[in-house]
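Quick note: the coordinates plus some simple rules give every number you see, no bench work behind them. The model shown is predicted, which means the values in this text are computed figures rather than measured ones. For neighbour counting, all protein chains shown are included, and Cβ atoms are generated from backbone atoms with ideal geometry for every residue, glycine included.
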Amino acid sequence: MSQSILWQLQYEYYQAQGINAWGQGQTPSYITSNSFIARQYAEVVFGFFRDLHRKGIAQARVYLFEPGAGSGQFAFLFLKALAKACEVAAFPVPEFCYIISDFAERNVQFWESHPQLQPFLDRGQIDFAVFDAGKDTTIKLRHTGKEIKAGSLQTPLIVLANYFFDSIPQDLFYISQGKIEEALPSLTVEGAARHPNPVKLLKSIQMEFEFRETASKYYPESAYNDILRYYQEILEEGWLLFPAPAFRMLDRLQSWTNSGLLLLTGDKGVQTLAELKGMEMPEIILHGGFSLTVNYHAFHQYVSANQGLGMMPAHLNPYLNVHCFLFQEDAETFQELRNAFASTIGEFGPDDFFILKKVIQSRIPKMKWKQIMATIRQSHYDTRVFQKLLPRMRKLVIGLQAWERESMLATAAKVWEQYYPISSGDSLAIDLGQLSFVLDDFASAKTYLQHALKTVAGSVEIFFTLALCFDQLEDYVAAEKYL
């Protein structure tokens, strides 16, 4: 299945759409691009940094690598969270550089020009690269010009991959009574129409499968065949997705360094053998492009074959499964990493946060001020959570005491620190400006609204509010400019 033309259509879709795939809401990304998940990933990586320091490994720059980074929002939020952790570290934090990559050139250009990423670029903590997960063996960093290839790195490589493995090629098999067959998709376009637009074409495709008995050495890689044979022996009947292309990418990334690799990844997927038993035909989920379930159980088999360690939450998650894989012969001794994962993602992870957020949203109209503030803090000042709560906050402003108003303004400022606009229609600056105005913080309201005018067309309401702000600040000349 990994050789199907279906994946070429996926490739063409993301090439054609570029950042619009996320900016226009076609591709879901919130669950993997919010302040909560970024904070948890940062805590896990920071735990890994502590292990590297304890073991005396981090003597050179540590590279973090994100394939298929999409809008770049996760990278921004992660770096913000990691920077805060490093500021109060009780040990020398290693120098690090976050490589944000994608196969779509338009996405790379978007990141290069994004003002929110510029401070990290100035500090040498971020760089950009074009990377095709299906074939590339090297990358060249756009800012420094450094080429990373086999044997280039002296420290472990940290790979962060969210909503990624569900969107790259996989193989599909059917197992029955000890026999395993490859499922080969046959695609037809609904009706007689042929759509040059990959979005329309994907929506009109119908798929059927032909089956071909699988040879004992199906893959050139013996380790992959061993895992496939394991499933053939232990599963009685059902469908099996097998992420061989993902394993090949990880093999190539491991060649970049002789010091091991840490993979932190979140996707919708299965993680236990019980979930795989009797598995029905995988559903292809359309959302602009398309995605499939990820077989994380196979990832754990793969890391074990590489003498590594896999970590996962003890409970199953309906929306997002986050797993941590350490490819190190002494992986068991990375105790700080293991503790960090267990105490964050292992206890209450991004999926739990997403579920709780949905519950809270249904109760917003009745929420009190202290409940709203606690929710925003619990989200680590996530912009989406804040904007969902904003209408209720406006209704509560009149009855707030002075200290409560100050607390709300301080909270708004922390939310602003998480701001990463993807499309020109983002309204956070306007929302914060209007809230600050009704809270009588005219200086902040002015700053937010002037920032909004850089990306959105001015409205009568914005201009009039700005005029009132300058009037209250006794800058009457500036006030007249907006009237």
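Here is how the numbers come out for the structure above:
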item	result
For region 107-160: relative contact order, % (alpha-carbon pairs under 8 angstrom, 6 or more apart)	21 percent
Order of MET281, MET311, MET249 - criterion: other Cβ atoms within 10 Å of each residue's Cβ, fewest first	MET281, MET311, MET249
Residue-by-residue Karplus 3J(HN,Hα) for region 153-161, coefficients 6.51, -1.76, 1.60, Hz, glycine and proline x	9, 9, 10, x, 8, 9, 10, 10, 9
Distance between modelled label sites at GLN472 and GLN24, nm, 7 Å Cα→Cβ extension	3.9 nm
In region 363-481, lysine pairs closer than 18 Å at Cα, eight or more apart or cross-chain	12
Using distinct alpha-carbon pairs, which all enter the 1/r mean, Kirkwood radius of region 213-291 in Å	15.1 Å
Extension gain, SER362 back to GLU275 (0.36 nm per residue minus Cα-Cα distance, nm)	28.3 nm
The chain, helix-only ellipticity at 222 nm - DSSP H runs n ≥ 4, -39,500 (n - 2.57), divided by all residues, nearest 500	-13000 deg cm²/dmol
Contact order normalised by residue count of region 389-483, Cα under 8 Å, 6+ apart, percent	21 percent
Binned Cα-Cα distance frequencies in region 171-240 - 5 Å width, integer %	3, 15, 21, 17, 11, 9, 12, 9, 3
Structure-derived P(r) over Cα pairs in 10 Å bins from 0, in percent: which label, when the choices are (1) 3, 11, 13, 16, 16, 13, 11, 9, 6, 3, 1, 0; (2) 4, 18, 27, 25, 16, 8, 3, 1, 0; (3) 4, 20, 30, 27, 15, 5, 0	(2)
Hypothetical label at ASP251: residues of region 1-44 whose amide nitrogen lies under 16 Å (7 Å Cα-Cβ projection)	2-3
Residues LYS446, LYS135 arranged by fewest to most Cβ contacts within 10 Å	LYS135, LYS446
Long-range HN-HN contacts of ILE180 with modeled amide H, under 5 Å	THR214
Integer Hz, Karplus 6.51/-1.76/1.60 couplings in order for region 312-327, x for Gly and Pro	8, x, 6, 9, 7, 10, x, 10, 9, 9, 10, 10, 10, 10, 10, 8
Folded to 0 to 90 degrees: helix 350-361 orientation relative to the chain principal axis, Cα	40 degrees
Quotient of C-alpha Rg and 2.2 N^0.38 Å, computed over region 363-481	1.06
Span per principal axis, largest first, for the Cα atoms of region 282-418 (Å)	62, 39, 25
FRET efficiency, 1/(1 + (r/R0)^6) with R0 35 Å, evaluated for SER423 and ARG377 via beta carbons	0.80
In sequence order, calculated HN-Hα J values of region 445-450 (Karplus, 6.51, -1.76, 1.60; Hz; x Gly/Pro)	4, 4, 5, 4, 5, 5
Fewest-first ranking of ASP475, ASP102, ASP351, using other Cβ atoms within 10 Å as the exposure measure	ASP475, ASP351, ASP102
In degrees, nearest ten, helix 244-254 long axis to first principal axis of the chain (Cα)	70 degrees
The chain: relative contact order as a whole-number percent, Cα under 8 Å and 6+ apart	15 percent
Helix 402-416 axis, angle to the chain major axis (alpha carbon atoms, nearest 10°)	40 degrees
